[in-house]
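Accompanying notes for the structure given below.
Each value in this text was obtained by applying a stated rule to the coordinates, not by laboratory testing. Fair warning: this is a prediction, and the values are worked out from it, not measured in the lab. Virtual Cβ from ideal backbone geometry, glycine too; neighbours counted across all protein chains shown.
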Amino acid sequence: MAFLRWFCRLLLLLCLGGLTAAWAQVPVPALKARVTDLTGTLSEAQRQSLENRLAAFEREKGAQVGVLLVPTVRPESIEQYGIRVAETWKLGRKGVDDGLILLVAKNDREVRIEVGYGLEGAVPDVVAKRIIEETIVPRFRAGDMAGGIGAGVERLLAVIGGEPLPAPMADHGGGDLNVDLLFPIFMVAVVAGNVLRALFGRLLAAGACGGVAAVVAGFMGASLFGVAGIGIVVFLFILVGGSGFVGGGGGGGWSGGGGFSGGGGGFGGGGASGRW
C-alpha cells in the first residue's frame, strides 16, 4: 500500500511537471504577414522591403516563404518550436507543400530553416545547413542581423526558384490586396463618378468608373478577388449615391495593410539549425 501511494505521488508529480512545461511554451504568433518580428530587430523599412520581396516571389513562383524573429523558444528546442510554427501557419500550397520558414531565436542565438515537403528536393538539409553557416551566421556574428536575414532569404529564393513547381494561380490567396494603394483608386473613381453622373447619368457613370477602377487595380497586382471587389464597390457606391462621403468631413478610413494566410502546406521536420 505504501508503494502504491508513493507511485501515485510520483505519477502526479510527473503529470504536473508535464503540464507546467506545456504551459510554459512560447506561443506561436498569429500569421498576419510574411515577416513577423517580435524582437524589434528590423526597422519598419527593412521589414516592409522583405515583405514586398517575399510577396513578389509568391506571385511569381507560388511558394510561400515566411520569416519569424522571436526572443526565445525556451523551454523547447528550436526544432520543436519550428515544427509547431510550421504546423500552425501551414505555409505553402495544399498538395504542393511549397512552404518555408526562416526562424530566428535572438536571445538563444539560434536560427533554423524549416522546409515544407514539396521543397525538400530543392532545399535538402545539407543545403539549408550551408546557407545558415555560410550566409546567415557570419553576418549575425558581425552584428548585422538584418543583413543576415536578407542575404539568407535571397539564397533561399534563388534555390527555390530553380525548382519546377506548379505555376501560381492568378487569384492565389486573395490576401495580397494592398488597401493602402487601392484606397486612392477608390477615392479618385468616386470623385470622377460624381462628375460623370451629372453628365451621363448614374448607370453609365457607375459602370465606367467601376470598370476603370478594376483595371487599374489589376495592373497594380491585386488578386482576382481584389479586382472584382474594388470594381463592384465603386460601381455600387456611384450608382446608389455617396457624394456626401466625398464632400463631408471626418469619419473613418480603410485600415492599412492586407491580410496574409498560409495555403495549407505540410511540413515534416526537414531543414537545418545553427548557432552564432
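What to note about this one:
- Cα→Cβ-extended label distance, 7 Å offset, between Arg109 and Val195, nm: 6.3
- Shape call, the range 26-168: gyration tensor on alpha carbons, a/c limit 1.5: rounded
- The aspartates and glutamates whose alpha-carbon is closer than 18 Å to the alpha-carbon of Lys32, local same-chain residues fewer than 8 away aside, are Glu44, Glu51, Glu58, Glu87, Asp176, Asp180.
- Simple label model, 7 Å out from Cα along Cβ direction - Ala167 to Thr72, nm: 5.0
- Modelled FRET efficiency - R0 30 Å, Ala142 with Ser261, Cβ distances, 0.05 increments: 0.30
- Met187/Ser43 FRET efficiency (R0 22 Å; Cβ-Cβ; nearest 0.05): 0.15
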